[in-house]
């Protein structure tokens, strides 16, 4: 093993000037490291088997690990006999077929069963050694002690399981909190239709949209649909505040503009430091029993304009104005009136719908947008509350990953005249 | 087409010849048959497929409940036969696919002309006088190791994805899929395979049956082959001078020859 080339990159010289250049002779300890010893006492197990797995040669390191004497194994046992029961199956169903097909297999995690029955985690690498004419002759296997690595893997696995449990717990909590901010069951005013749908953009965060439809004491009904800035626990706190402020406001003064003014004051006082605000459409509806529809007084605070889908197939955005609620100290809100006749459907939605970025969108900014929504509504009208919400749900499905924000939809309709 | 995609069905061999369906066992995919395809394909039309959860079967077709029992796989076998309108094919099942074939043949007794069970085992776990070769602990050990090997196994498969420059004939596509299974799916398949007990189904087999076993098999020892032979009336048992659980890899010529001569007899 004397270096003979002057071009050796490690700078080993020819045999003549050993004293000047470092060489093996410079490391007297290496003289002890003959090939036989290197094989026998290598820092890993070495094993050669016939193609059927019969052990033909094994090194001292592996014998020490296993606790067997050489004559107990060579010619007597197969490699798979050294494995645990599960490992044996794994060897036959994965390891051996891959080795037969590819000629090599590397870094497979297995466990040896030692003579005294204890298990030893190892990493196994095998190659098929071919003869001079390419025919497979025997299998060479190197085996590495993997006790530490296995312990580490187990820690990773445990950590992953713990993380999955935490994730599950979080989703559970989020779901519970989310449900507490939406009506458990949507109530419907007598003689009218209603339907709602809510889709959170993520199951990890509480969404910031909210809606409700609820009876007042005098036969009128309150309804609202809003969208709080931000997501998560902070947004949920604002959502809860907005929702209960609006509901409480209707008890003593069922006037939408006054209710929004009230909410504006509360949010401004409570959250101006954190810049928390919301957009919302709030309405009080009075069923017109004689006609079979309803009249609604509506106020909006910076929210996308609701849509009215008429019985005659026409649609229009109900114009509203009013600033975002909670953003300014002195915002004023105005009431407008919408008349919903038999066969009409009144549709409220949050901007998760119009701001979505559907794949293949042809708008300049890639958003779905109000014009597209109007076209979609026209294709639906005339419709019912349930059918409109079902259609919007299906529309949201087509957005796929383009749906990045929470989306809420609430429809209140008057059934068409009975023939 | 849905069934063909679902199970990555490949039809090859001699057009118009008798049909032979080749079903792979737990662990790998239809590539298991590659050393016998040329030989048997000389006289037979071959239908190869991957079980859902293995090889290149459609991952979207995976259903952990459906494939938790061998019946789910047997349903797939029958639907492949229906979809391809196979006329009385011979069903060749390796390892657990032997049991899958028995279940399918018993459900539709007129479907297959014959069964070839390659290294079959109707029950892997020892039970009173029956010796399956494994204890319940061994099987639990396997299922546990499939779970804990998750990290080691997936990283060890990485070199296979890159291909094998010394053996370009294997091709990148092949090396990427061979024996590469999703650990979660493999666990469900392993559970269905090694915890099933189909001993009682053997007596109901009414088609000509060949049992092919290896002289040395760490998974299905000769006693198990003898048991299957005794349970299926009129069956033939051939013991190949081969080692291991996969004679189609370790002794492909002998395996193909045994299948061919049995099928020739069955078709005469």
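Annotations
- Residue within region A:76-83 that is under 27 Å from residue B:145 (Cα atoms), away from chain B (no Cβ under 14 Å) and in contact (Cβ under 8 Å) with a residue 12 or more places away in the chain present: no
- All strands (runs of 3 or more DSSP E) inside region B:1-70 with 3 or more residues being in contact (Cβ under 8 Å) with a residue 40 or more places away in the chain: B:19-23
- Residue satisfying condition, being in contact with a strand residue (DSSP E or B) (Cβ under 9 Å, 6 or more places away or on another chain) and within 14 Å of chain A (Cβ to nearest Cβ), within set B:51, B:35: B:51
- Members of region A:36-75 found to be in a loop (DSSP other than H, G, I, E, B) and either in contact with a helix residue (DSSP H, G or I) (Cβ under 8 Å, 6 or more places away or on another chain) or within 11 Å of chain B (Cβ to nearest Cβ) (or both), listed by number: A:41, A:42, A:43, A:44, A:51, A:52, A:53, A:59, A:69
- For the condition farther than 21 Å from residue B:255 by Cβ and away from chain A (no Cβ under 14 Å), residue B:6 qualifies.
- Total residues in region A:288-318, condition within 25 Å of residue A:391 (Cα to Cα) and not in a strand (DSSP E or B): 11
- So residue A:107, is it in contact with a strand residue (DSSP E or B) (Cβ under 6 Å, 6 or more places away or on another chain) and either surrounded by fewer than 17 Cβ atoms within 10 Å (Cβ to Cβ) or away from chain B (no Cβ under 11 Å) (or both): yes
- Test result for residue B:241, without any contact (Cβ under 8 Å) to a residue 40 or more places away in the chain and either in a loop (DSSP other than H, G, I, E, B) or over 20 Å from residue B:30 (Cβ atoms) (or both): yes
No value in this document is a laboratory result; all are computed from the given coordinates. Keep in mind that this is a model prediction, so the values were computed, not measured. With ideal geometry, Cβ positions are generated from the backbone for all residues, glycine too; neighbour counts draw on all protein chains shown.
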